[in-house]
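Take a look at the structure below.
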There are 2 protein chains.
Amino acid sequence: VQKRWAISGVDLHVVPRGSRRRAGLEAALRDAVRAGRLATGVRLPPSRSLAADLGVARNTVASAYAQLVAEGWLEARQGSGTWVAARAPAAKRTDENHKDQSRSALYDLRPGSPDLTSFPRNDWLRAAQRALRGASPDSLGYPDPRGRLELRRALADYLARARGVDVAPERVLVCSGFAQGLAIVAAALKTEGCDDVAVEAYGHTSHRTTLAACGLATSTVDVDEQGARIDALDGGAVLLTPAHQFPLGPTLGARRRLQAVEWARANGAFIIEDDYDGEFRYDRQPIGALQALAPEQVVYAGTASKTLAPGLRLAWLVMPASLLEPAIAAKRLTDGPSTVDQLTMAHLIVAGAYDRHIRRLRLVYRRRRDRLVTLLARRAPAARVGAEGAGLHVLVHLPDGATEAATVAEAKARALALDGLASYRVGAQCHPPALVVGYGTPPEHAYSSAISRLCAVLAG
Amino acid sequence: VQKRWAISGVDLHVVPRGSRRRAGLEAALRDAVRAGRLATGVRLPPSRSLAADLGVARNTVASAYAQLVAEGWLEARQGSGTWVAARAPAAKRTDENHKDQSRSALYDLRPGSPDLTSFPRNDWLRAAQRALRGASPDSLGYPDPRGRLELRRALADYLARARGVDVAPERVLVCSGFAQGLAIVAAALKTEGCDDVAVEAYGHTSHRTTLAACGLATSTVDVDEQGARIDALDGGAVLLTPAHQFPLGPTLGARRRLQAVEWARANGAFIIEDDYDGEFRYDRQPIGALQALAPEQVVYAGTASKTLAPGLRLAWLVMPASLLEPAIAAKRLTDGPSTVDQLTMAHLIVAGAYDRHIRRLRLVYRRRRDRLVTLLARRAPAARVGAEGAGLHVLVHLPDGATEAATVAEAKARALALDGLASYRVGAQCHPPALVVGYGTPPEHAYSSAISRLCAVLAG
């Protein structure tokens, strides 16, 4: 069985021979240096942190390092760690790597993904064990299209408690990720005679694509420092990110919230509240969900993609009564997450492990944000930081004269993947050049290097 | 050790797997026909002389021939031997009628669900542990819409080996159940300009509903003792259950298979092969997948709903090249099973636990079928049993004068849930009164009581 390890953003593929983890790690590192995937001058993570990420003993990593130092692949510098040794460029960068996605850079500060090494594997496995051992055989049959009642109950409790959502288990619909949820909402809107929806002028272009593919006409609404320009709304529905506008960052203002709800009531319109990172707020109490102001006009959408991992494909909708049946009908045509995953997630929430995990992450991400903001202020003072109060990304306004394309290209040359704001432009509104910096993405051991590189790029 | 066999001047290379000479011979013949090394119209040597040449029992050859005739590769002509069938040069079925809640009767003999107490919880948990501990952090990110490569590889191996599917991992699309798979295929068909599809006149009404909800016009094709009436086909696509027509039971005949493939080729049409219970065949080797006859015209669809549990929401499609990209595009709009489940399933297959589980189940279900057939013959001789060669259900033709509604009602009064054939009527064709008896459903301890009650109801 093949095993994959990621070091500094590089995927290392190892076929462990028997239980010889050290040999496997050694071979993987050697291959990565040889193939140029780990380039000369790259600093390897401290053995302690790599060992933690890999789930192996620290000694295993330390002796693999020592061996490769002895072989000349790596270099140990007294007091400053282990580095990929300078060697003749016989090792050319063949891209025969088996990478899934385009994450080919060593360091990745693009938004959208949490630190995947933080996924609580042991908590999840323990919960899966309890869930599956405690499940009745019947629960393994064809599932309720809304999702397992155990999970809908657990989510209703959690959402009311943590996000102030006005919710009963009957209104919850468990989905395979937000993309599926959005398609289901689109189908329900169509059934109810709503055939146009506005999206924010900056956001994920894929959301607009999904809505259009579901047969809805789409338009955009501009975003300012108070969030979406509710006064400019028109049509039958709008998709909003009230907690932390993606990617520009403002929280939808109090007056705007009331305005939005009034607009929806007056026009019989619906609001889709994409609460993608509502759990992460650092400087004050989380802003409660907009949904609570008008549960019959607002579809609330949450996800485990940021709190646990996107690979779980777990998300949830809380539906207004009028859209519930059409949404269930649409859900029947597709299919939800497995019963095993749903029961596992329910256990995780009920046992308190989900809340603990989020609290732990909130500290981690807050520290990351603080380091980023401090470092940027010191080393690249001309780059102003915004959108930093919440979530897993900040907006970095580029210094005068800098362009997004040039900045992204320069970062790429330093093995750092960045996203310019323009790639999130959905409408006509045009914002000055900026970067959308996701500080959740890198594994812990690679974070310092990643943000140092960012500062170096921005300091010019 | 490789062995070479010469038939009609063609060398057949076979690597016998263990001592399974017959399987080896079958595979060699199938490959030779598929690859065109044994051409249409070639007459095969009499089984007696080939057996002598090969040093195997005559019966080994005869049953290999019979199997390949059943699959449509060969043709047996009365009194004149065995020939390679006429074909141009050259991949299931799921029932997903979300009936989870209504299982309130004490005993349940409705079709559609396997014995849920048989789900191999410990195997699954062990595989989940290995999968999750061995997974790279990156694998928990946003998934490939086709599904994890590890699972697509494992499925390709499994499907080629167990179902004779012509498949490469690139052609596999992992889905959340057959319902989602069917909607994806429907979307791909529409993209390719096909906007009508025929379904069998008896089947799951939900399949027709799904296709219609996806914007396809639907029609029906009648079913007789040889399966669907291919000669009556029209339109751009057809959904078939070749291995074991649901619910009437015939296996699509050899001649019909060829006819179906010819029809598809001549009309640029597509066949969706719903191989919902192809793993379960009791009285002879499983009939290989129709897909192998025309991989570019047939979408093969398989599922874990019958072999493991519907609650897993795991199914797979093998796509023709022309429908692959549109299907991937449709998949992007919805979402697949979790990475955890996919990696777990891959481990289960690769470790051999999936095959072992199916072999165990095949014995269990065969015994159940034998007991049911025997008991009915003894206690309710007027009720004739059909469709009993495969799968998890039989058709019980009601005695003269009995009606489905009265029989189902009487069973209900005895706490036994039954389905009348009429509830699976999708088209105009009208079959005499019968029950669709799912003998897979009850847990082992309740099976005797369930079938005793059935006999009591049928004996009047």
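The values are calculated or read from the model by the stated rules, or taken from the named source; none is laboratory data. Please read all numbers here as calculations on a predicted model, not as lab measurements. Glycine gets a Cβ as well: all are built from the backbone with ideal geometry, and neighbour counts include every protein chain shown. In case anyone asks, the SASA skips ligands and DNA or RNA and just uses the protein heavy atoms, side chains included. Shrake-Rupley method; radii C 1.70, N 1.55, O 1.52, S 1.80 Å.
What are the residues in region B:370-404 that are assigned to a loop (DSSP other than H, G, I, E, B), of a type in the set (D, E, K, R) and surrounded by 16 or more Cβ atoms within 10 Å (Cβ to Cβ), if any?
Residues of region B:370-404 assigned to a loop (DSSP other than H, G, I, E, B): B:380-383, B:387-389, B:391-392, B:398-403.
Pick out the ones that are also of a type in the set (D, E, K, R) and you get B:388, B:400.
If the condition is that a residue be assigned to a loop (DSSP other than H, G, I, E, B), of a type in the set (D, E, K, R) and surrounded by 16 or more Cβ atoms within 10 Å (Cβ to Cβ), then B:Glu388 is the only one that fits.
Restricting to region B:431-460, and then to whatever is in a loop (DSSP other than H, G, I, E, B) and within 19 Å of A:Asp138 (Cα to Cα), can you tell me which residue is nearest to the other protein chains (Cβ to nearest Cβ)?
It comes out as B:Pro443.
Kindly indicate whether any position in region A:350-367 is farther than 29 Å from A:Ser176 by Cβ and β-branched (Val, Ile, Thr). Even if it seems obvious, please write down each step before you answer.
Here is the first cut: in region A:350-367, the ones farther than 29 Å from A:Ser176 by Cβ are A:363, A:366-367.
Checking the rest, the ones that are also β-branched (Val, Ile, Thr) come to none.
Taking every residue of region A:350-367 in turn, none turns out to be farther than 29 Å from A:Ser176 by Cβ and β-branched (Val, Ile, Thr).
Does A:Arg284 satisfy being more than 14 Å from chain B (Cβ to nearest Cβ), modelled with pLDDT under 95, under 30 Å from A:Asp370 (Cβ atoms) and in contact with a Leu (Cβ under 9 Å, 6 or more places away or on another chain)? Walk me through how you get there before you give the answer.
Details: more than 14 Å from chain B (Cβ to nearest Cβ): yes; modelled with pLDDT under 95: yes; under 30 Å from A:Asp370 (Cβ atoms): yes; in contact with a Leu (Cβ under 9 Å, 6 or more places away or on another chain): no.
No, not satisfied.
Is one or more of the residues making up region A:242-264 closer than 24 Å to B:Pro143 by Cα and in a helix (DSSP H, G or I)?
No, region A:242-264 contains no residue that is closer than 24 Å to B:Pro143 by Cα and in a helix (DSSP H, G or I).
Does B:Thr407 meet the test of being more than 20 Å from B:Val364 (Cα to Cα), hydroxyl-bearing (Ser, Thr, Tyr) and surrounded by fewer than 20 Cβ atoms within 10 Å (Cβ to Cβ)?
For B:Thr407, the condition - more than 20 Å from B:Val364 (Cα to Cα), hydroxyl-bearing (Ser, Thr, Tyr) and surrounded by fewer than 20 Cβ atoms within 10 Å (Cβ to Cβ) - is not met.
Does A:Arg359 fit the bill of being open to solvent by 20 Å² or more (accessible area, probe 1.4 Å) and out of contact with any strand residue (DSSP E or B) (no Cβ under 9 Å at 6 or more places or on another chain)?
Details: open to solvent by 20 Å² or more (accessible area, probe 1.4 Å): yes; out of contact with any strand residue (DSSP E or B) (no Cβ under 9 Å at 6 or more places or on another chain): yes.
Spelling it out, A:Arg359 is indeed open to solvent by 20 Å² or more (accessible area, probe 1.4 Å) and out of contact with any strand residue (DSSP E or B) (no Cβ under 9 Å at 6 or more places or on another chain).
When region A:106-144 is examined, which residues are found to be hydroxyl-bearing (Ser, Thr, Tyr) and either open to solvent by 30 Å² or more (accessible area, probe 1.4 Å) or more than 8 Å from chain B (Cβ to nearest Cβ) (or both)? Outline the logic, then answer.
Our first condition is that a residue be hydroxyl-bearing (Ser, Thr, Tyr); within region A:106-144, this holds for A:107, A:113, A:117-118, A:136, A:139, A:142.
The answer is A:Tyr107, A:Thr117, A:Ser118, A:Ser136.
For region A:313-329, enumerate the residues that are over 26 Å from the mean Cα position of the chain (by Cα) and part of a helix (DSSP H, G or I).
A:Ala321, A:Ser322, A:Leu323, A:Leu324, A:Glu325, A:Pro326, A:Ile328, A:Ala329
Out of (1) away from chain B (no Cβ under 14 Å); (2) crowded, with 17+ Cβ neighbours inside 10 Å, what's the single condition that is false for A:Thr210?
If we test A:Thr210 against (1) away from chain B (no Cβ under 14 Å); (2) crowded, with 17+ Cβ neighbours inside 10 Å, just (1) comes out false.
Among the residues of region B:184-205 satisfying the criterion of being under 20 Å from B:Pro295 (Cα atoms) and surrounded by fewer than 23 Cβ atoms within 10 Å (Cβ to Cβ), which is nearest to the other protein chains (Cβ to nearest Cβ)?
Restricting to residues being under 20 Å from B:Pro295 (Cα atoms) and surrounded by fewer than 23 Cβ atoms within 10 Å (Cβ to Cβ), the top hit is B:Ala187.
Which condition does A:Ala446 not pass, out of (1) in contact with a Leu (Cβ under 7 Å, 6 or more places away or on another chain); (2) open to solvent by less than 20 Å² (accessible area, probe 1.4 Å), if it passes all the others?
All conditions are met except number (1).
Out of region A:268-282, which residues are farther than 23 Å from A:Val394 by Cβ and surrounded by 19 or more Cβ atoms within 10 Å (Cβ to Cβ)?
Selection gives A:Ala269, A:Phe270, A:Ile271, A:Ile272.
Among the residues of region A:325-344, is there at least one that is open to solvent by less than 10 Å² (accessible area, probe 1.4 Å), over 26 Å from B:Leu116 (Cβ atoms) and at pLDDT 95 or above?
There is at least one residue in region A:325-344 that is open to solvent by less than 10 Å² (accessible area, probe 1.4 Å), over 26 Å from B:Leu116 (Cβ atoms) and at pLDDT 95 or above.
Any residue at all in region B:333-346 that is away from every other protein chain (no Cβ under 13 Å) and assigned to a helix (DSSP H, G or I)?
no
I'm checking my understanding of the structure. Among residues of region B:71-105 that are modelled with pLDDT under 75 and in contact with a Ser or Thr (Cβ under 7 Å, 6 or more places away or on another chain), which one is farthest from the other protein chains (Cβ to nearest Cβ)?
Among those that are modelled with pLDDT under 75 and in contact with a Ser or Thr (Cβ under 7 Å, 6 or more places away or on another chain), it is B:Ala86.
Conditions first: (1) within 14 Å of another protein chain (Cβ to nearest Cβ); (2) over 17 Å from the mean Cα position of the chain (by Cα). B:Ala237 passes all but one, so which condition is the exception?
Failing condition for B:Ala237: (1).
Within region A:283-312, which residues are open to solvent by less than 10 Å² (accessible area, probe 1.4 Å), assigned to a loop (DSSP other than H, G, I, E, B) and under 22 Å from A:Phe119 (Cβ atoms)?
A:Ala304, A:Ser305, A:Thr307, A:Leu308, A:Ala309 - these are the residues of region A:283-312 that are open to solvent by less than 10 Å² (accessible area, probe 1.4 Å), assigned to a loop (DSSP other than H, G, I, E, B) and under 22 Å from A:Phe119 (Cβ atoms).
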